[in-house]
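Trainee: First the structure, which I've put down as structure tokens, then a few questions once you've had a look.
The values are calculated or read from the model by the stated rules, or taken from the named source; none is laboratory data. No experiment lies behind these values; they were computed from the predicted model shown. Cβ: placed from backbone, ideal geometry, glycine included. Neighbour counts: every protein chain shown. The area values use the complete protein model at the heavy-atom level, side chains included, leaving out ligands, DNA and RNA. Shrake-Rupley method; radii C 1.70, N 1.55, O 1.52, S 1.80 Å.
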Amino acid sequence: MAEASPLITVRAMASDDNAIWDAFVEAAPGGTFFHLSGWKRVIETAFRHRTYYLMAERDRAVSGVLPLTLVKTRLFGASLISNAFCVQGGPIAADAASLRALEDASVRLMEELHVPVLEFRSWAEGRADWLSRDDLYASFRKPIDPSVDANLKSIPRKQRAMVRKGLQYELRSQLDDDVERLYRVYGESVRNLGTPVFPKKYFELLRSTFPERSDIVTITSSGKPVASVMNFYFRDEVLPYYGGGTADARRLAANDFMYWEVMRRACERGFRLFDFGRSKRGTGAYDFKCYWGFEPTPLVYQYRVAPGRDIPDLNPLNPKFRMFVQLWKKLPLAVAARLGPSIVRGLA
């Protein structure tokens with residue numbers, strides 16, 4: 001990359017830069033789990049997408065990072081996304097000049113690759129001349145009290161009753177070493193929502209790439225898995241990210257019990273923030289998190305688009321996909337599991 005100013009340069013992350021990249025992410029106020037360098041390996045291997053991880057440097061010290069993924073498929077077109085398959089990932093920097101250098105470099109890259117859309121996923125709007133969208137996703141975050149009992153009492157009464165219902169059904173929570181049970185449960189759950197499932201390799205890569213920053217909590221009833229979730233850990237927060245339940249989960253209150261178990265375990269390990277992830281407005285997941293007492297905070301995604309192009313709308317609530325969603329819900333699980341990975345790689 002060309003020099004952005006006399007003091008700041010922007011270059012591609014090298015294979016031996018992982019440690020300094022991650023050290024910057026850990027220390028930066030805007031750093032998140034989704035900025036970590038390990039995502040480069042995960043995305044390239046699981047989805048075969050090209051990535052461009054840009055580092056800003058001032059006097060040979062890292063002053064900013066920007067993870068970018070080129071998501072390009074015949075079915076859904078092309079976008080340059082920071083960061084694909086993640087809630088967050090937009091540029092973070094130690095100063096305004098480094099931030100601007102990363103933004104300028106990403107725009108040049110967009111033009112060099114002839115990509116019609118550049119997307120930054122961040123907490124807030126930061127570029128006045130870009131298009132913005134804050135009406136699709138909301139984030140849900142809440143402090144974890146040091147007391148397990150205090151956390152249980154902080155759950156609104158109706159949802160707390162659901163957690164206790166799970167206890168009455170003698171549900172059990174276990175930590176899984178592999179992704180086998182998670183993948184079966186999650187695959188059934190997203191099929192029932194009309195959404196293609198990620199490849200199993202993706203979950204295996206997440207666990208192997210972030211072994212100390214992830215775990216899997218599985219809920220069983222009479223020894224049978226009924227709910228399961230993969231959780232990420234960053235600084236003092238826990239992020240339950242990929243989770244779902246079987247057809248029996250609702251009857252057994254397994255989903256409520258599962259998220260309580262994630263919170264309880266995180267509390268006992270000293271984590272102090274529960275990040276319930278993002279959900280689309282108007283969905284059951286959005287309402288579920290509100291019922292748990294979490295306040296929604298709009299996520300602001302910003303876009304640089306080529307002339308004559310619009311912001312992409314690749315989400316299941318788009319009326320264009322209504323028929324596809326309804327058909328997908330009817331597929332046998334084996335068929336959905338076989339077809340899903342080739343489709344979902346374009347839905348980043």
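Trainee: Please work out the Cα convex hull volume for the stretch 199-323 and give it in Å³ per residue.
Mentor: So the per-residue Cα hull volume is 179 Å³.
Trainee: Points 7 angstrom from Cα along the Cβ direction at Arg141 and Arg272: gap in nanometres?
Mentor: Placing both labels 7 Å beyond Cα along the Cβ direction yields 1.4 nm.
Trainee: Return the carbon/sulfur percentage of the accessible area of the stretch 209-348, one whole number, probe 1.4 Å, all protein chains in place.
Mentor: On the way: 3430 of 6420 Å².
That fraction is 53 percent.
Trainee: Further question: Among the trypsin sites (Lys or Arg not before Pro) within the stretch 240-310, which fall in a DSSP loop and have no more than 15 other Cβ atoms within 10 Å of their own Cβ? Can you show the working numbers first?
Mentor: Values: sites: Arg250, Arg251, Arg264, Arg265, Arg269, Arg272, Arg278, Lys280, Arg281, Lys289, Arg304, Arg309; in loops: Arg269, Arg272, Arg281, Arg309.
In loop regions of the stretch 240-310 (DSSP not H, G, I, E or B), the sparsely surrounded trypsin sites (Lys or Arg not before Pro) are Arg269, Arg272, Arg281, Arg309.
Trainee: Which whole-number value in Å² is the accessible area per residue of the stretch 18-111, probe 1.4 Å?
Mentor: Numbers: 3510 Å² over 94 residues.
That works out to 37 Å² for each residue.
Trainee: So what's the stretch 68-125 giving for Cα Rg divided by 2.2 N^0.38 Å, two decimals?
Mentor: Numbers: Rg = 11.9 Å, N = 58, 2.2 N^0.38 = 10.3 Å.
The stretch 68-125 yields a ratio of 1.16.
Trainee: For the stretch 252-348, what does the convex hull of the Cα positions come to per residue, in cubic angstrom? All intermediate terms of the calculation are to be shown ahead of the outcome.
Mentor: Details: hull volume 18.0 nm³, N = 97.
Dividing the Cα hull volume of the stretch 252-348 by its residues yields 185 Å³.
Trainee: Something else about it: Across bins of 5 angstrom width beginning at 0, how are the C-alpha pair distances of the stretch 53-195 distributed, in whole percent?
Mentor: 2, 7, 11, 13, 13, 13, 11, 10, 10, 7, 3, 1, 0
Trainee: A further question on this structure: Cα extents of the stretch 142-209 along the three principal axes, largest first, in whole Å?
Mentor: Largest to smallest, the principal-axis extents are 38, 28, 25 Å.
Trainee: Given bins 5 angstrom wide, list per bin the percent of all Cα-Cα distances in the stretch 36-90, short to long.
Mentor: All Cα pairs considered, the percentages come to 4, 19, 28, 22, 13, 9, 3, 1, 0.
Trainee: By DSSP, what percent of the beta bridges with both residues in the stretch 177-295 are antiparallel, rounded to the nearest 5? Mind dumping the intermediate values first?
Mentor: Values: 16 of 18 bridges.
Counting only bridges with both partners in the stretch 177-295, antiparallel ones make up about 90 percent.
Trainee: State the dimensionless ratio Rg/Rh of the stretch 217-263 (Rg: radius of gyration of Cα atoms; Rh: Kirkwood radius).
Mentor: Values: Rg = 11.0 Å, Rh = 10.9 Å.
Result for the stretch 217-263 is an Rg/Rh of 1.01.
Trainee: Contact order normalised by length for the stretch 173-249, with contacts defined as Cα pairs under 8 Å and 6 or more residues apart; what percent is it? Write down the numbers at each step before the final one.
Mentor: On the way: 124 pairs, mean separation 26.5, N = 77.
Relative contact order, the stretch 173-249: 34 percent.
Trainee: Looking at the calculated P(r) for the stretch 1-93, what percent of the C-alpha pair distances fall above 24 Å? Present the calculation step by step, with values, prior to reporting the outcome.
Mentor: Values: 823 of 4278 pairs.
Percent of Cα pairs beyond 24 Å in the stretch 1-93: 19.
Trainee: Here's something else I'd like to know. For the stretch 194-305, what is the accessible area per residue in Å² when the probe is 1.4 Å? Please report the intermediate quantities before stating the final value.
Mentor: Details: 4020 Å² over 112 residues.
Per residue, the stretch 194-305 has an accessible area of 36 Å².
Trainee: Can you tell me the length gained on complete extension of the stretch Leu175 to Ser132, counting 0.36 nm per residue apart and subtracting the Cα distance? Walk me through the numbers before you get to the answer.
Mentor: Details: separation 43, 0.36 × 43 = 15.48 nm, distance 3.96 nm.
My answer for the length gained is 11.5 nm.
Trainee: Then there is this: I need the per residue convex hull volume for the stretch 86-161, using only the alpha carbons, in cubic angstrom as a whole number. Present the calculation step by step, with values, prior to reporting the outcome.
Mentor: Numbers: hull volume 11.8 nm³, N = 76.
So the per-residue hull volume is 156 Å³.
Trainee: Now, a different point. Express the carbon and sulfur contribution to the solvent-accessible surface of the stretch 18-128 as a percent, rounded to the nearest whole number, probe 1.4 angstrom. Intermediate results must be reported in sequence, preceding the final value.
Mentor: Details: 2300 of 4370 Å².
On the stretch 18-128, the fraction of accessible area on carbon and sulfur atoms equals 53 percent.
Trainee: Hey, another quick one. With 19 Å as the cut-off, how large is the P(r) tail for the stretch 144-280, expressed as percent of Cα-Cα pairs? It would help to have the intermediate numbers written out before the result.
Mentor: Working: 4624 of 9316 pairs.
Of all Cα-Cα distances in the stretch 144-280, 50 percent exceed 19 Å.
Trainee: Report, for the chain, the % of DSSP beta bridges that are antiparallel, rounded to 5. Numbers along the way, then the final one.
Mentor: On the way: 60 of 65 bridges.
Approximately 90 percent, going by the DSSP bridge assignments.
Trainee: Just in the stretch 173-272: which GluC sites (Glu not before Pro) are loop by DSSP and have at most 12 other Cβ atoms within 10 Å? All intermediate terms of the calculation are to be shown ahead of the outcome.
Mentor: Numbers: sites: Glu180, Glu188, Glu204, Glu212, Glu237, Glu261, Glu268; in loops: Glu212.
Here the GluC sites (Glu not before Pro) that fit, given the DSSP loop and packing criteria, are Glu212.
Trainee: Just the Cα atoms of the chain: what Rg and Dmax do they give in Å?
Mentor: Reported Rg and Dmax, both Å: 20.5, 66.
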